[in-house]
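Just so you know, all these numbers are worked out from the coordinates, no wet-lab data involved. It should be emphasised that the depicted structure is a prediction, and the values quoted were computed from it without experimental measurement. Glycine gets a Cβ as well: all are built from the backbone with ideal geometry, and neighbour counts include every protein chain shown.
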Amino acid sequence: MISSTLIILQPDDWHVHLRDGSMLAAVLPFTTRVFGRAIVMPNLKKPITTVESAIAYRKRIKNFCAEGITDERLVTTNKFNPLMTMYLTDTLDSNELVRGHAENVIIAAKLYPAGVTTNSVSGVTDIKAINPLLETMEKIGMPLLIHGEVNDPEVDIFDRERIFIEKYLIPLHRQHQGLKIVLEHITTADAVSFIESTNLNICATVTPHHLHLNRNAMFQEGLCSDFYCLPVLKRDHHKQALRRAVTSGNPKFFLGTDSAPHPRNRKETSCGCAGIFNASHAIESYTQVFEEEGKLDLLEAFTSKNGPKFYGLPLNQSRIVLEKKQQLVPKQINWIAADHKKISLVPLHAGKRLLWSLKNIC
Ligand code: DOR
Ligand code: ZN
């Protein structure tokens with residue numbers, strides 16, 4: 001059999017949850033095995049709201065890289081560059097953003113409407129009230145990363161992204177034309193149309209799970225919490241719109257896995273956590289989408305060029321080699337932490353075959 005290979009610039013993950021402590025140790029090697037840089041979400045149990053806490057968190061991540069955590073075939077690498085973000089709150093002092101930017105610690109700030117998702121209780125309760133923060137960010141050129149959903153129990157959960165765009169994002173963009181914005185993990189045709197209609201200051205990240213799955217996945221063979229994430233999976237035509245957008249070559253769409261690990265027992269319970277762990281096979285998952293759409297030639301722009309261009313960062317110099325070689329995704333990934341605690345994660349595509357495998361970085 002002739003095996004085909006694909007060589008692309010090393011990708012970055014522009015949206016990932018690395019967590020902390022033993023979970024950080026468990027998931028970090030999966031991100032560092034392929035991504036050169038990653039934008040690390042600040043929604044820890046105690047969110048990152050100061051420059052000091054961002055520096056300390058970055059140090060914890062880098063320490064694990066240096067220690068060289070191994071997980072069978074994975075080794076963390078010292079070259080990995082975690083890019084830190086600040087968690088916006090009603091009371092955050094804009095000087096903290098200015099200092100974080102000036103000291104080259106904080107690359108962007110994250111807006112979680114309060115209560116909208118995991119660890120967002122300290123998020124923003126009134127978007128208009130953070131206007132001074134947004135003005136500061138516009139002035140210093142710091143991008144705003146948005147979890148674009150309303151947290152209104154009156155609004156149907158499947159409509160929360162569309163309503164957020166109409167009610168908050170359009171006015172916000174109008175008022176802050178110069179503010180760079182990433183609408184994170186978009187899930188709807190409405191978001192795609194909005195991004196396509198705006199200037200280059202607003203871009204969007206797209207996850208592998210929203211490109212592969214529609215909302216049926218949550219209810220296929222009984223209630224399946226593995227596929228519960230926020231924003232929640234939508235109807236198939238939304239998935240199709242996302243697939244068209246990412247494979248269109250439009251530089252406004254780029255890779256952001258939103259890999260969000262929760263231990264299996266915290267998902268398979270009443271009131272299970274939102275989040276899908278996909279870091280273990282993310283690049284292979286995206287590659288399959290581009291192949292299915294007949295657009296493998298546009299994969300590299302989405303995974304490795306559009307993101308750095310938006311953030312004004314250089315492209316990675318290394319390349320990765322992907323080969324057309326089937327692999328079976330494990331049903332569960334286990335990790336025994338230093339304190340002997342066992343963590344079990346169910347990865348995206350668990351028990352399924354993926355058609356591509358990562359061969360090496362060169
Ligand atoms: O599904 C999600 N999980 N969506 C988010 O916005 C947060 C994330 C998490 O931190 O678990
Ligand atoms: Zn996220």
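Apart from one condition, His209 fits all of (1) outside any loop (DSSP other than H, G, I, E, B); (2) farther than 21 Å from Val34 by Cβ; the exception is (2). Can you say whether Asp20 is more than 24 Å from Lys324 (Cβ to Cβ) and acidic (Asp, Glu), as far as the supplied structure shows? Taking the combined requirement at face value, the residue satisfies it.
Yes/no per residue for (1) among the hydroxyl-bearing types (Ser, Thr, Tyr); (2) within 20 Å of Val232 (Cα to Cα); (3) in contact (Cβ under 8 Å) with a residue 24 or more places away in the chain:
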| site | (1), (2), (3) |
| --- | --- |
| Lys267 | no, yes, yes |
| Ser270 | yes, yes, no |
| Ile276 | no, yes, yes |
| Ala279 | no, yes, yes |
| Thr287 | yes, no, yes |
| Phe290 | no, no, yes |
| Leu296 | no, no, yes |
| Glu300 | no, no, yes |
| Asn306 | no, no, yes |
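Quick check, is Phe290 touching a strand residue (DSSP E or B) at 6+ places or on another chain (Cβ under 7 Å) and outside any loop (DSSP other than H, G, I, E, B)? No: the conditions fail for Phe290.
Would you mind stating whether Thr198 is within 16 Å of ligand 2 (Cβ to nearest atom) and of a type in the set (S, T, N, Q)? Talk me through it step by step, then tell me what you get.
Values: within 16 Å of ligand 2 (Cβ to nearest atom): no; of a type in the set (S, T, N, Q): yes.
Judged against the criteria, Thr198 is not a match.
Scanning the range 156-186 for residues that are in a loop (DSSP other than H, G, I, E, B), away from ligand 2 (no atom under 16 Å from the Cβ) and buried (at least 16 other Cβ atoms within 10 Å of the Cβ) turns up His176, Leu179, Lys180.
Screening Leu223 on (1) surrounded by fewer than 18 Cβ atoms within 10 Å (Cβ to Cβ); (2) more than 25 Å from Gly307 (Cα to Cα); (3) within 14 Å of ligand 1 (Cβ to nearest atom) shows it passes everything except condition (3). Residues in the range 31-70 that are crowded, with 20+ Cβ neighbours inside 10 Å, within 16 Å of ligand 2 (Cβ to nearest atom) and among the hydrophobic types (A, V, I, L, M, F, W, C): 6 in all.
Thr117 - would you say it is within 16 Å of ligand 2 (Cβ to nearest atom), outside any loop (DSSP other than H, G, I, E, B) and of a type in the set (Ser, Thr, Tyr)? For Thr117, the condition - within 16 Å of ligand 2 (Cβ to nearest atom), outside any loop (DSSP other than H, G, I, E, B) and of a type in the set (Ser, Thr, Tyr) - is not met.
Hey, among Asn104, Asn63, Asn78, which residue is over 20 Å from the mean Cα position of the chain (by Cα) and in a helix (DSSP H, G or I)?
Numbers: Asn104 fails: in a helix (DSSP H, G or I); Asn78 fails: in a helix (DSSP H, G or I).
So the residue among Asn104, Asn63, Asn78 that is over 20 Å from the mean Cα position of the chain (by Cα) and in a helix (DSSP H, G or I) is Asn63.
Taken over the range 96-139, the criterion of being of a type outside the set (Gly, Ala, Ser), closer than 22 Å to Ile55 by Cα and within 16 Å of ligand 1 (Cβ to nearest atom) is satisfied by Lys110, Leu111, Tyr112, Asn119.
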